[in-house]
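Here the structure is laid out as structure tokens; the discussion comes afterwards.
Where a number appears in this text, it was derived from the coordinates with a stated rule and is not lab data. Predicted model, so just to flag it, every value in this text is computed and none were measured. All Cβ positions, glycine included, derive from the backbone under ideal geometry; neighbour counts span all protein chains shown.
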Amino acid sequence: MADSRFFTVAGPFTLEALVGISGAVAGGEASAEAVFVDVAPLDTAGPEHVSFLDNRKYLDAFQASRAGLCVVAPAMAAKAPKGMALLLADDPYRAYARIAQAFYPVLPPEPWLAPTAWVDPTATVGEGCRIEPGAVIGARAEIGQRCRIGANAVIGDGVVLGDDCAIGAGATVTHALVGRRVSIYPGARIGQDGFGFAMGPQGHLKVPQLGRVVIGDGVEIGANATIDRGAGPDTVIGAGCMIDNLVQIGHNVHLGRGCVLVAQVGVSGSSHLGDFVAAGGQAGLTGHLHIGAGARIAAQSGVMRDIAPGETVGGSPAVPMADWLRSSALLSRMIRRKG
């Protein structure tokens with residue numbers, strides 16, 4: 001159960017309503033009129049709570065759970081404790097996510113312009129926005145409706161934010177065009193100079209970075225992540241991308257739709273990632289690469305070559321996952337023999 005000091009629960013919801021919300025199929029013994037008041041983990045849930053199982057590792061916890069309703073795959077239905085109502089879904093976690101969003105919806109901000117915020121007279125701010133203390137909105141900036149600008153955040157000159165964006169405390173956004181429903185978490189840095197120099201023995205000559213950052217709808221950018229603006233072409237973040245905390249994205253990088261970059265991933269300048277690429281934590285990509293749609297990159301991989309669509313790679317330098325696993329196993333056997 002979420003701490004009421006920080007979260008406000010909606011509902012309650014009947015089983016029938018949760019079927020409609022989740023897209024799952026009802027199972028077990030509860031009636032359609034049964035009422036549930038919150039979501040909770042398997043081990044702490046009670047008869048009034050909704051929980052979920054999507055990993056067989058937690059099967060024992062599922063069988064011991066007192067949850068009144070649980071979202072599970074059809075194959076797990078027979079293992080449910082007696083009396084537990086079920087919602088059967090091929091993707092239980094996704095169905096549970098819809099339910100959790102219903103219990104804890106993202107509410108529009110309470111409109112407010114803090115007395116200590118600064119909004120340039122040439123900026124435009126849409127209806128229903130909340131501008132918190134110390135925030136700065138620069139000249140000619142355009143802020144959509146129902147946006148939340150956190151304390152001490154800075155929105156630079158000319159920046160455009162679409163409707164329903166949330167900019168976290170202390171974040172900075174410059175040289176950027178941002179779509180709708182974008183969340184930029186505290187401390188993130190968007191649109192600063194790309195790392196571009198003409199190197200030489202007589203000194204390194206800065207190359208002006210004249211591009212922008214263009215961010216599609218529904219993107220999340222984690223705390224203290226950094227996205228450099230382009231050098232001439234833009235840096236582009238496709239719609240629906242999920243970028244974790246402490247990720248670094250260099251100038252001219254292009255992410256397709258729905259990419260997932262986990263904490264401490266680094267993408268060097270001018271690399272292009274296709275739709276729905278996923279990179280595990282601390283993976284590093286050199287510059288000017290082409291990563292095909294649906295490719296998967298294991299954590300801590302060092303990617304130094306193009307990756308074909310749908311390919312899974314690991315290691316440093318990154319190689320096809322099967323090759324990496326075989327080489328790791330072989331090295332381990334050689335070490336054991338030598339010992």
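Quick notes on this structure:
- The separation of segment 201-239 from segment 311-339, counted between C-alpha centres, amounts to 35 Å.
- Cα gyration tensor shape of segment 13-103, rounded if a/c is under 1.5, else prolate or oblate by comparing a/b with b/c: rounded
- Residues in segment 135-145 carry Karplus couplings, in order, of 5, 10, 10, x, 4, 6, 5, 10, 10, x, 6 Hz; the curve used is 6.51 cos²θ - 1.76 cosθ + 1.60 with θ = phi - 60°, and Gly or Pro positions show x.
- Theoretical FRET efficiency, 1/(1+(r/R0)^6), r = Cβ-Cβ of residue 210 and residue 286, R0 35 Å, to 0.05: 0.90
- Per-peptide average of other Cβ atoms within 10 Å, ordering 199-206, 275-282 highest first: 275-282, 199-206
- DSSP bridge analysis restricted to segment 1-147 gives an antiparallel fraction near 25%, rounded to the nearest 5.
- Label point distance in nm, residue 3-residue 300, each placed 7 Å from Cα along Cα→Cβ: 3.2
- Relative contact order, percent, segment 171-339 [alpha-carbon distance under 8 Å, six or more residues apart]: 12
- Bridge orientation summary for the chain: considering DSSP beta bridges with both residues in this region, about 10 percent are antiparallel.
- Most to least packed among 320-329, 135-144, 8-17 [average Cβ atoms within 10 Å]: 135-144, 8-17, 320-329
- For segment 242-266 versus segment 55-134, the gap between their alpha-carbon centres in whole angstrom: 24
- Share of Cα-Cα pairs in the chain lying beyond 29 Å, as whole percent: 54
- Pairwise label distance in nanometres, residue 91 with residue 322, each label 7 Å out on the Cα-Cβ vector: 2.7
- Prolate/oblate/rounded call for segment 183-224, Cα gyration tensor, a/c under 1.5 rounded: prolate
- Cut-off 14 Å (backbone N to label point 7 Å along Cα→Cβ of residue 106), residues of segment 180-200: 180-186
- Modelled this way, with points 7 Å down the Cα-to-C-beta line, the labels at residue 64 and residue 193 are 5.8 nm from one another.
- Whether segment 106-152 is rounded, prolate or oblate, judged on the alpha carbon gyration tensor where a/c under 1.5 counts as rounded: oblate
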